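K.L.:
One structure is given below, represented as structure tokens, and several questions about it will come after.
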Amino acid sequence: MEIEGRDFMNTPPLKTVRFGGNVVATLAKFKQGDTSDYELLKHQLADPDIKDAQIINWLQEFRNCVTQLSKDHEQLIYVALRLPWLGRSPAVVEEYLSFLSNLVSAQTVYLRACLKMVVSNFKPNLPRSFDQCHQALQLIGRYVPSTSCFLMPILIDNFPFVQKSSRTLECYVHNLLRVAVYIPSLRRDVLELIISRMLKLDVSAPRGEIEEVEENTVQQELKGEQEEEGLFDMDEDVCSVKSSPAGTNVMVHPVAERLDTLMVVLLAFIKDMCHVNGCLDVERTKDLYKDLVCVFDKLILPTHASCHVQYALFYLCSFRLALAEAFLEHLWRLLQSPSHPAVLRQSAAGYMGSFLARANFLTVRACLDLLVPWLHLYIDSQDSGSRAYCDITLHGPFYNACQAVFYTLIFRHRSILEGNMKKGLAYLQSLNLERIVMCQLNPLKVCLPAVTNMFAAITRKYQLVFCYTIIERNNRHVLPVVRSSVGATVCPPTPTPWTVSSPSTPTCSRGNP
């Protein structure tokens, strides 16, 4: 035996120690009612200090008798599935993946358990551990074609609570999107799952609340810095304000920080899926657009007070003008379709205004040429009727369309007037905005006060409409404004932190994602 030159204190045993018989013999005894070796085997597999050589040895024996591992041995299999294989030596990882492949091939009853084990590791971990998890899922999918049918419910059940840390949510969403890459059939469901959770964050933190928290934090930090400087600065004439550390990439509002983190992950996924070697892949972009539009219709459109999540679709549309136009056409069809619920038509109008106001690469005139004539036709159909009065329940889509026009003109009037002021003014005058403002449906009474006031200022500046008489009259008199019992609103879903300014990348109030 060679002993010289061996470091006894730092060298592990050449052979591992184990008790009991092999797995085949243990299963035979268990079948006959003798459970002693069976329990001993479970105990040894659950040893937190188990060595690589032991894991490999056990897994090889399991593979040799995998056809005998029936439903009766589920406790043993569950212990084996909890073996610490991630981050181990390449030999352990390779053997474990072989074990999983053999197990799901021979005993499909354990497919769910194997998938749950892999998905449970979509938590803050080393990048190589994530790679090994996805390697396992792809291997399982190769041997069991129906894997995707069983995987999606597991992905839903294991999604962390939205109150979890940003890092936990980020890791899970990142891994979900990786699954969507190599299992394309799940992509729409994965996007639906992610966006549904993001919407919960979005609506639980109003935009005004986020802005107030961030602003207060900046003021407190500046005040603290100034007080600290005042302890040593005796010259009252010297006043210097340092840049605030609040300009970092971390939002102070906890919900805003979690949502912001997930937005960055989702936008990065969209960009990567639509580009190959830095160039836009049109077909891939179209396919992803179809998935996102379906999710938009199902989740985002009916959700009240969503302020940020919709910008994922806006961002995708910025890659190609044809997509942006297709999205506007989609919203336009929703708005003018009487077969859709009023609340969805109102929401579609709000998103039209939001998108038009910020997507500078769009031709605003073409969209106004659709919206404004529709408003005039609506007024024609109502002005002489018995329902020609201010009522959100009856005329909700009309009011939202008005607000979309007002909102668009607030943001985009310069693009209409620049270049040729005379032609631009002639175009704005041809819209006959005065008739819309002065009609008996009284849209200025219903639209958001901020939108109404800005629209009034702009139209007065260019002598298009004089709105202040109507605004003052509305303030003096309480008109019979009836609000919908189903929660319909004319508040446009138009968030301020994210802006789609060009066909590239949206910018955020805290920097580029």
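The values are calculated or read from the model by the stated rules, or taken from the named source; none is laboratory data. Since we're looking at a predicted model, the values are computed, not measured. Glycine also receives a Cβ, built like all others from the backbone with ideal geometry; neighbour counts cover every protein chain displayed. Just the protein is used for accessible areas: all its heavy atoms, side chains included, with ligands, DNA and RNA removed. Shrake-Rupley method; radii C 1.70, N 1.55, O 1.52, S 1.80 Å.
K.L.:
For segment 271-285, indicate whether the set of residues that are under 26 Å from residue 194 (Cβ atoms), crowded, with 21+ Cβ neighbours inside 10 Å and free of Cβ contacts under 8 Å to residues at least 60 places away in the same chain is non-empty.
P.N.:
yes
K.L.:
Can you pull out the residues in segment 312-354 that are among the basic types (Lys, Arg) and either crowded, with 23+ Cβ neighbours inside 10 Å or free of Cβ contacts under 8 Å to residues at least 60 places away in the same chain (or both)?
P.N.:
Matches in segment 312-354: 333, 345.
K.L.:
Next question. For segment 108-123, which positions are in contact (Cβ under 8 Å) with a residue 24 or more places away in the chain and either open to solvent by 30 Å² or more (accessible area, probe 1.4 Å) or closer than 23 Å to residue 194 by Cβ (or both)?
P.N.:
Those that are in contact (Cβ under 8 Å) with a residue 24 or more places away in the chain and either open to solvent by 30 Å² or more (accessible area, probe 1.4 Å) or closer than 23 Å to residue 194 by Cβ (or both): 108, 109, 112, 115, 116, 117, 119, 120, 121, 122, 123.
K.L.:
If you check residue 155 against the conditions, is it of a type outside the set (Val, Ile, Thr) and under 17 Å from the mean Cα position of the chain (by Cα)?
P.N.:
Judged against the criteria, residue 155 is a match.
K.L.:
Tell me which of these residue 372 doesn't satisfy, since it passes every other one: (1) hydrophobic (A, V, I, L, M, F, W, C); (2) at pLDDT 95 or above; (3) closer than 28 Å to residue 175 by Cα.
P.N.:
Going through (1) hydrophobic (A, V, I, L, M, F, W, C); (2) at pLDDT 95 or above; (3) closer than 28 Å to residue 175 by Cα one by one, residue 372 breaks only (3).
K.L.:
Across segment 30-49, what is the number of residues that are surrounded by fewer than 17 Cβ atoms within 10 Å (Cβ to Cβ) and aliphatic (A, V, I, L, M)?
P.N.:
2
K.L.:
On to the next question. Pairs, please: C-beta under 8 Å, at least 6 apart or cross-chain, first residue in a helix (DSSP H, G or I) and in segment 146-175, second acidic (Asp, Glu)?
P.N.:
Filtered contacts from segment 146-175: 152/189; 166/257.
K.L.:
Let me ask you something else. May I ask you to list pairs of residues, at least six apart or on different chains, whose Cβ atoms are under 7 Å apart, with the first in segment 124-138 being under 14 Å from residue 176 (Cα atoms) and the second being open to solvent by 90 Å² or more (accessible area, probe 1.4 Å)?
P.N.:
Matching pairs, first to second residue: 124/167.
K.L.:
Which one of these does residue 311 not meet: (1) modelled with pLDDT under 95; (2) over 22 Å from residue 190 (Cα atoms)?
P.N.:
It fails just one condition, (2).
K.L.:
I'd like the full set of residues that are open to solvent by 40 Å² or more (accessible area, probe 1.4 Å), part of a helix (DSSP H, G or I) and more than 13 Å from residue 136 (Cβ to Cβ), limited to segment 61-101.
P.N.:
Correct list: 63, 64, 67, 68, 71, 72, 74, 75, 78, 90, 91.
K.L.:
Select from segment 295-345 the residues that are under 23 Å from residue 264 (Cβ atoms), assigned to a helix (DSSP H, G or I) and not β-branched (Val, Ile, Thr) and list them in ascending order.
P.N.:
Hits for segment 295-345 are 296, 299, 311, 312, 313, 314, 315, 316, 317, 323, 324, 327.
K.L.:
While we're here: Of all residues in segment 141-168, which are touching a Ser or Thr at 6+ places or on another chain (Cβ under 7 Å), buried (at least 18 other Cβ atoms within 10 Å of the Cβ) and within 21 Å of residue 188 (Cβ to Cβ)?
P.N.:
Answer for segment 141-168, where residues must be touching a Ser or Thr at 6+ places or on another chain (Cβ under 7 Å), buried (at least 18 other Cβ atoms within 10 Å of the Cβ) and within 21 Å of residue 188 (Cβ to Cβ): just 141.
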